Amino acid sequence: MHRLTLVVSLVLGAPALAAAQAQPIGAVAALVGQGTITHSGNAERAPAKVRDDVFVRDRIETAEKSVIRVLMGGRITVTVRERSVVTIIDDPMRPRVDLESGQLAFKVHEGGLRAGEVAEVATPNAIVGIRGSLIVAQATGTDSDVTVLEAHKPITIAPRDAPTQTTHLPIGHTVRVSGPRHAARLGPIRRATREHLLHAADMAEVPGRARDGGQERAFQHQARAEVRRPGMEGRAAALQSRAGGTTDRHREAAEARGRRRPDERREVPAEPAEHAFAGRRLGAAR
């Protein structure tokens, strides 16, 4: 009798489970260039388009000089850079993105996670735990690089095969994890150079759109660190100048959006408002 009850429960619960899995967890908010989305259970890749739904375990691939931005539930923004392969995962209490190769920016908006919830970015050999921040991650061969641009809650990093061996990753710092998954080694956590931060900030943006002011915090953090060193006041001022002045740029961006022609790029209006930040060329060298 108990076995029969269990079988009936499983049969009756299957449609509900399938319906839950069929619900989109996000949408393509912006697209530059070309990319594809492969839905779970479907071997065919489809060209990505703005407003396309994104489902659990969808695989996103971008072409050269291309960027895809995905908005997940209005609380997480994933910016997939050129020549990257990413799988979107949304396990209960653990939203996650798997970066197979390439580069992405992952932002958890402030207040976007529930109590006890943590988001993750996984590379072939590392796991980054995020509760509120903006990071840029890159996977190349057996190396994974992670840079923190914003951190209003703690960020941790650990080898993929030892996820409980976490290390705190501060704002404005970068780290490399080297080696295969079964023998990954966490390198030294270093304060990022100005050039590295500029490059990482570019990777968190979509070309042609107003920049997200969140990455200013990394520059401001570095400026405060530099000003404590003798003779570095001028460099700190330059960093602050680079990070600041977004009010005027924000107004200019808003005016530009108001002048946009009907045939220009469409965007998802539900995406959180972005603050202006001076643009730089896509793929600028570090």
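The values are calculated or read from the model by the stated rules, or taken from the named source; none is laboratory data. In this text, all values refer to a predicted model and were calculated from it rather than measured experimentally. Here the Cβ is made from the backbone with ideal geometry for all residues, glycine too, and neighbour counts use every protein chain on show.
Quick notes on this one:
- Yes/no for residue 142 being surrounded by fewer than 17 Cβ atoms within 10 Å (Cβ to Cβ) and of a type in the set (Val, Ile, Thr): yes
- Among (1) of a type in the set (A, V, I, L, M); (2) surrounded by fewer than 16 Cβ atoms within 10 Å (Cβ to Cβ); (3) under 25 Å from residue 179 (Cα atoms) - the single one residue 130 does not satisfy: (2)
- Residue check, residue 176 among the basic types (Lys, Arg) and touching a residue at least 24 places away in the same chain (Cβ under 8 Å): yes
- Residue match in segment 180-197 (condition: within 21 Å of residue 80 (Cβ to Cβ) and part of a helix (DSSP H, G or I)): yes
- Tally, over segment 69-117, of residues that are within 14 Å of the chain's Cα centre (by Cα), at pLDDT 85 or above and outside any strand (DSSP E or B): 5
- Residue 127 being more than 24 Å from residue 186 (Cα to Cα) and either part of a strand (DSSP E or B) or modelled with pLDDT of 95 or more (or both): no
- In segment 151-178, the residue that is nearest to the chain's Cα centre (by Cα) out of those that are surrounded by 16 or more Cβ atoms within 10 Å (Cβ to Cβ) and of a type in the set (Gly, Ala, Ser) is 151.
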